[in-house]
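The values are calculated or read from the model by the stated rules, or taken from the named source; none is laboratory data. What you see is a predicted model; the values in this text were computed from it and never measured. In this analysis, Cβ positions are derived from the backbone assuming ideal geometry, glycine residues included, and neighbour counts consider all displayed protein chains. For accessibility, only protein heavy atoms count, side chains too; no ligands or nucleic acids. Shrake-Rupley method; radii C 1.70, N 1.55, O 1.52, S 1.80 Å.
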Amino acid sequence: MLPAKQYEGIGRFTIAFNEIDQVVEVYLPLVVRYSRCTLPEIHRNTRTLHARAVGFRTALELASAGNEIAAGILKLLDRAEAIATTRNQYVHAVAFIDFQTNTRMLQMRNGNAKPDEKQIMDLAIESTWLARHFAEEC
């Protein structure tokens, strides 16, 4: 029920964000292994991006206090976590037409909203950029 461009934007946003999640999943055990830090049990074998991001943040902080590269990675991680909430809203939304106003809408967890094509595309572009830079920094 959304225009093709909006579906495309949500798809691009989702794929780019999955790449960010993959970077966290791949580099978390490497940071732990090569820094020889001990990550608390709660941060091992996590299933969600949020849980992995918390573990990754903890591992970076334990492994490299004051390291400028780690600080840059943590800034990128902060942005990824901020985008995650919006990503989840779009990915889990249900598209429908409000027949009283003949308006395309998205039913999101935080309420109904008109799809914002510019925001969707901007977030897709930002997530693509973030995924690439995040992988390079790691």
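For this structure, a couple of remarks:
- Whether a residue is under 30 Å from residue 76 (Cβ atoms), open to solvent by 70 Å² or more (accessible area, probe 1.4 Å) and modelled with pLDDT under 95 was assessed, and residue 119 passes this test.
- For segment 98-138, a residue qualifies if it is among the basic types (Lys, Arg) and not in a strand (DSSP E or B), and the qualifying residues are 109, 114, 118, 132.
- The set of residues from segment 21-39 being open to solvent by less than 70 Å² (accessible area, probe 1.4 Å) and of a type in the set (S, T, N, Q) comprises just one member, 35.
- Of the criteria (1) more than 16 Å from the chain's Cα centre (by Cα); (2) under 30 Å from residue 68 (Cβ atoms); (3) of a type outside the set (Phe, Trp, Tyr), which one residue 135 fails: (1)
- All conditions but one from (1) over 22 Å from residue 21 (Cβ atoms); (2) open to solvent by less than 30 Å² (accessible area, probe 1.4 Å) apply to residue 83; the one that does not is (1).
- Selected residue (only one of 16, 82, 93 is more than 26 Å from residue 136 (Cβ to Cβ), within 17 Å of the chain's Cα centre (by Cα) and modelled with pLDDT of 90 or more): 93
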